[in-house]
Amino acid sequence: MSEEEFSCSPERKTQNPEQLNKHQSPGMAELLRVLLSVSEKAANVARVCRQEAALFELLVQEKTGPDKNKKFVQDFKTLADVLIQEMIRHDVCAQFPELAGFIYGEESNKFENGLGESVTVTVCAREEDTTALLAKVLDGDQTAASLLTKAIHQDLQVKDEGAESLQLDLSPADVGIWIDPIDGTSQYIEGKEEEMTDEGFCSSGLPCALVLIGAYLRSTGEPVMGVINQPFNHKDSTGKGWVGQHFWGVSYGGVNACSFPNPKLSLGKKRDALSVVLSSSERQVVKDALAPLCNCHLTYASGAGYKILCVILGLVDVYVLSEASTYKWDSCAPHAVLRALGGGVSDMGACLSATSNGNKSFKSELTYHTPQAGCQGVDKWANQGGLVAYLDSAVLDRVVGALVGKI
């Protein structure tokens, strides 16, 4: 892939970072530190853009043509999306120039202002140049441009002891990166300020909007590192602002490390019923086939990344999607975290086909390095067979068994 082309198993044991070999190359550990820092900067940009409703409405643009996601009647590109994507690309390449041309995202960095002028959004070396460029996008609004520039250019360093002690025998020159600047854009735009339940689950609203940054092997497409930042986890003590949180996971060459303990599966507590999360738009035939697995109690949530995060955190056992409405930028980061925990994200269509042909152990995990042949625009990066995200492979087997021959 070129930058011009798109701008945009053995049982695993999860290790604590301090248990890893200290003599391996620190390159990927430094990349993880940088990704955590830029994810937090990205979260701050997302929060800044929501602070003023008038500013936020000014930033919204409708996606059209080949960049339109067919799943939604209206799908939106926001300046926040573009800024976050370009900020991540700028900051990461400043530290790792070998990644230039290998950082991909959902968004085109072309933006149209109120005067109909097309502006290519980039992060400039000097703050005043970034401000001038953003002011052009914002029809001369210097105050808004300055506010955004301050968030983009801030020197923010995330401290994470586990990430800093991680050592991994892999060079950053061997990976590519997928960015989803704001996964769950519709929830971000709507801005419903729904908070988590006591169990930590939220079906819709701002908590479903995530910043996703995933690294994959250029040679095989295997996801090896994921950072998930949730900018809107809960309200602050004043009740006016939001506080976020981040998660990370690394899985490569027998090393599996993550920023939190492996959750206890609800399957372990009650093996006769699974907790299954779906999109509300999922096909009825899929709902009917899965209902017996969960005592007819299906769960629904917004945002592909958020639904996979619910699997990661053990809030549900499995996320099932039968359609090609998610993309490599949606799944790469959380897929890497799931792999660090011993789970995965499989191509549902390929699993069903393999099972129909007698190969019930075929997991067909998603890969991230090659476009789908014969497809154009965003469709070439779609997860064409749908997906199943799981922590326990036994859950994958039960889901595939329930669906085979029915869809």
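Can you tell me how many residues within segment 98-149 are among the aromatic types (Phe, Trp, Tyr) and more than 13 Å from LEU79 (Cα to Cα)?
Residues in segment 98-149 being among the aromatic types (Phe, Trp, Tyr) and more than 13 Å from LEU79 (Cα to Cα): 2 in total.
When GLY342, GLY305 are checked against the criterion of being touching a Lys or Arg at 6+ places or on another chain (Cβ under 7 Å) and within 23 Å of ALA257 (Cβ to Cβ), GLY342 stands alone in meeting it.
Here is a yes/no grid of residues against (1) of a type in the set (Val, Ile, Thr); (2) buried (at least 23 other Cβ atoms within 10 Å of the Cβ):
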| residue | (1), (2) |
| --- | --- |
| PHE111 | no, yes |
| THR120 | yes, no |
| LEU156 | no, no |
| VAL175 | yes, yes |
| GLU190 | no, no |
| GLU193 | no, no |
| ARG218 | no, no |
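Looking at segment 248-260, which of the residues that are of a type in the set (Gly, Ala, Ser) and either in a strand (DSSP E or B) or touching a strand residue (DSSP E or B) at 6+ places or on another chain (Cβ under 7 Å) (or both) is nearest to GLY200 (Cα to Cα)?
Within segment 248-260, the first condition is being of a type in the set (Gly, Ala, Ser), and the residues that meet it are 249, 251, 253-254, 257, 259.
When the remaining residues are screened for being either in a strand (DSSP E or B) or touching a strand residue (DSSP E or B) at 6+ places or on another chain (Cβ under 7 Å) (or both), the result is 249, 251, 257, 259.
Working: GLY249: 20, SER251: 25, ALA257: 23, SER259: 17 Å.
Filtering first and then ranking leaves SER259.
Please work out which residue is nearest to GLY303 (Cα to Cα), limiting yourself to segment 323-343 and to residues that are surrounded by fewer than 24 Cβ atoms within 10 Å (Cβ to Cβ) and of a type in the set (Gly, Ala, Ser). That would be SER325.
Cβ-Cβ distances below 7 Å connect the following pairs, each with a first residue in segment 162-190 that is of a type in the set (S, T, N, Q), a second residue that is assigned to a strand (DSSP E or B) and surrounded by fewer than 20 Cβ atoms within 10 Å (Cβ to Cβ), and a separation of six or more residues or different chains: THR185/PHE76.
Check every one of the strands (runs of 3 or more DSSP E) wholly within segment 81-146 and list those with 3 or more residues that are at pLDDT 95 or above. Working first, answer last.
Details: elements: 103-105, 110-112, 118-120.
Passing ranges: none, list empty.
Taking helices (runs of 4 or more DSSP H) as the structural unit, those lying wholly within segment 261-363 and holding at least 2 residues that are touching a helix residue (DSSP H, G or I) at 6+ places or on another chain (Cβ under 6 Å) and under 19 Å from ILE228 (Cα atoms) correspond to 304-312, 328-340.
The values are calculated or read from the model by the stated rules, or taken from the named source; none is laboratory data. As the structure is a computational prediction, the values presented were derived from the model and not from experiment. Note that we place each Cβ from the backbone using ideal geometry, even for glycine, and neighbour counts take in every protein chain shown.
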